[in-house]
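The values are calculated or read from the model by the stated rules, or taken from the named source; none is laboratory data. Keep in mind that this is a model prediction, so the values were computed, not measured. When we count neighbours, we look across all protein chains shown, and the Cβ atoms used for this are built from the backbone with ideal geometry, even at glycine. The protein model used for the area step is the full one, side chains on, heavy atoms only, and it has no ligands, DNA or RNA in it. Shrake-Rupley method; radii C 1.70, N 1.55, O 1.52, S 1.80 Å.
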Amino acid sequence: MRIGLLTEGGAPCASGDTGAWWRRLVHGLGGHDFDLYALDGPPPATPLPPHVRPVAPAGEGARPAGPAERAPRRTHGRRDRRRFAEGFHALATGLATEDDTAADAFADGLGALADLARDTGGLPAALRSDDAVRLLEDACRAPGARRALADACLSDHLALARHLERALRPLSLDWYDETALGAADLCHATAGGPVALPGLLAKRFFGTPLLVTEYGVGLRAHYLAADDPGRSTALRTLLAALHGRLAGETCRQADLLTPGNAHARRWQEKCGAGRDRIRTVHPGMPATRFAEVGEDEESGEPGTLVWIGRVEPAKDLVSLLHAFADLRARQPDTRLRIVSVPAAGDGDGRRDGHCAYLAQCAALAAQLFPDEAAGAHAVGENPVSFEELGGPEAPTLEDVYASAAVVVLSSTVEGFPASLVEAMFCARATVSTDVGAVVEIIGGTGLVVPPRNPRALADACLALLRDPGRRHRLGAAARARALELFTVDQNLAAFRGIYLELLSRAPVRHRAGSDVPFAHPAETRIPGGWAPSAVPAGTGAPDA
């Protein structure tokens with residue numbers, strides 16, 4: 001089976017800490033051929049298995065993979081401009097209105113623009129043209145438009161046109177022929193929205209089944225990003241409508257959606273996906289590296305709490321420090337290790353923001369816990385340590401989890417927290433805030449408290465620190481649950497079955513030069529013949 005894997009960059013990834021799932025997928029399903037289609041960025045620099053073929057990137061100025069002899073792009077004549085105006089008007093109407101027909105208008109416009117782009121070689125110039133801006137302005141001022149668009153001005157329409165051109169860039173790619181996505185038996189998108197758009201077009205042009213996997217809620221992230229105070233209310237409304245319509249069209253057209261947790265599943269249902277086309281597939285994570293720690297009943301330092309993850313405001317380390325201050329007042333021999341995990345690919349601005357938040361937390365820890373010294377001539381020591389994974393104090397994840405009596409998660413926003421699963425693999429009792437997929441992951445094998453509640457967090461940690469027997473029982477149950485639900489083998493088995501299921505339901509497409517499965521009976525491949533040889537003339541039949 002040939003799989004077209006659609007991704008934002010050269011290395012397919014999911015949002016959050018589960019981004020390595022795609023590598024385990026393509027390595028584990030060696031019986032299939034994978035073509036990596038990157039919407040933005042170069043192909044992955046790391047070596048890939050021989051059955052994985054990176055396709056040339058589709059960034060600005062780059063041409064996707066395909067035959068060298070392509071039809072040259074031609075200028076749009078009067079008939080093409082009329083087709084563009086009709087399709088773009090329907091798409092803009094779907095964005096500007098919110099009645100029952102808006103989603104259908106958006107889908108019709110998107111399909112019409114896709115057909116035009118395929119016929120003419122692309123639409124980037126048309127999407128940036130004055131005609132596009134004028135059509136957006138007309139849609140915002142038409143009767144029935146959203147009330148928030150009444151104050152939309154020219155700058156809003158220009159900004160939306162730029163966003164539209166980027167979001168609809170997949171329409172202008174050279175991937176839609178029999179040598180590229182047309183040769184795929186299945187399209188697997190690693191996210192919804194623009195990433196899945198080539199899969200929607202492959203389904204429209206070739207009937208290729210579309211599978212969409214979302215381990216994070218991309219639409220939610222777009223909504224939060226669109227809520228920028230520097231943008232006008234009209235522009236924020238239009239951007240939210242754009243991402244909502246793309247997500248809705250993906251959810252309605254996909255043959256199957258595989259969210260990584262119930263939180264993402266609920267978002268897909270709200271976007272219009274039927275429950276019969278949604279199947280939760282938890283991200284598979286490697287468990288063997290944590291086997292030694294998980295099977296060692298003597299590991300763990302009594303009185304040690306461990307927090308591990310990316311240091312950012314959403315992790316709410318401020319509440320964790322206040323909770324630890326309350327805890328230490330009642331249990332003075334406790335210590336807290338805060339281990340930061342550097343994230344690859346963060347820009348300088350985001351990295352500076354993480355450093356600023358880390359400095360803020362360190363200053364708060366110094367204020368709450370002055371360095372304690374045994375005597376006047378001894379060096380003081382703070383019960384809170386800030387460490388970085390890979391450093392001398394925390395060389396590996398296994399060492400960090402091995403030192404923990406309790407692993408703490410204090411976030412206010414989470415998707416699928418990988419650190420929680422890793423702690424479960426290590427048979428560690430956990431205390432977590434009730435956010436994202438935490439309850440779904442824990443399933444009764446850890447303690448869960450409300451977010452932004454330092455007192456509840458302190459009480460839960462203290463209860464486990466004072467009861468080693470309960471701590472060990474919860475840790476053993478957590479390890480058993482993680483090995484049952486969150487391993488790589490479980491994830492591979494799920495996608496192996498899904499691939500075969502989708503292909504079995506897809507219509508057979510005969511390609512030139514290829515053999516159609518089961519087109520000839522199996523007997524034709526056996527040497528010799530099954531029919532008795534003819535009797536030579538004049539010999540007569542043998543006697544009975």
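Descriptive notes on the structure:
- Only Cα sites of the stretch 110-258 enter the Debye sum here, all with the same form factor; the resulting log10 I(q)/I(0) across q = 0.15 1/Å is -0.83, listed in q order.
- Among 281-294, 137-150, the peptide with the highest mean count of other Cβ atoms within 10 Å heads the list, and the full ranking is 281-294, 137-150.
- Cβ-Cβ distance of Leu364 and Ala56, R₀ of 41 Å, FRET efficiency by 1/(1 + (r/R0)^6): the value works out to about 0.25.
- Listed residues Thr179, Thr258 arranged by accessible area, highest first, probe 1.4 Å: Thr179, Thr258
- In the context of the full set of protein chains, residues of the stretch 203-245 present 40 Å² of accessible surface per residue (probe radius 1.4 Å, heavy atoms only).
- Along each principal axis, taking the top coordinate minus the bottom one, the Cα set of the stretch 107-151 gives 36, 22, 12 Å in descending order.
- Using a Förster distance of 22 Å, the FRET efficiency for Asp326-Val413 (Cβ separation, nearest 0.05): 0.45
- Computed lengthening from Asp138 to Glu381, 0.36 nm per intervening residue step minus Cα-Cα distance: 80.8 nm
- Each residue, Asp115 and Lys270, gets one label point 7 Å from its Cα in the Cβ direction; the gap between the two is 3.4 nm.
- Note on Asp177 and Arg452: the extension gain reaches 93.7 nm, defined as 0.36 nm multiplied by sequence separation minus the Cα-Cα distance.
- Distance between the pseudo-spin-label points of Asp131 and Arg82 (7 Å out from Cα toward the beta carbon): 1.1 nm.
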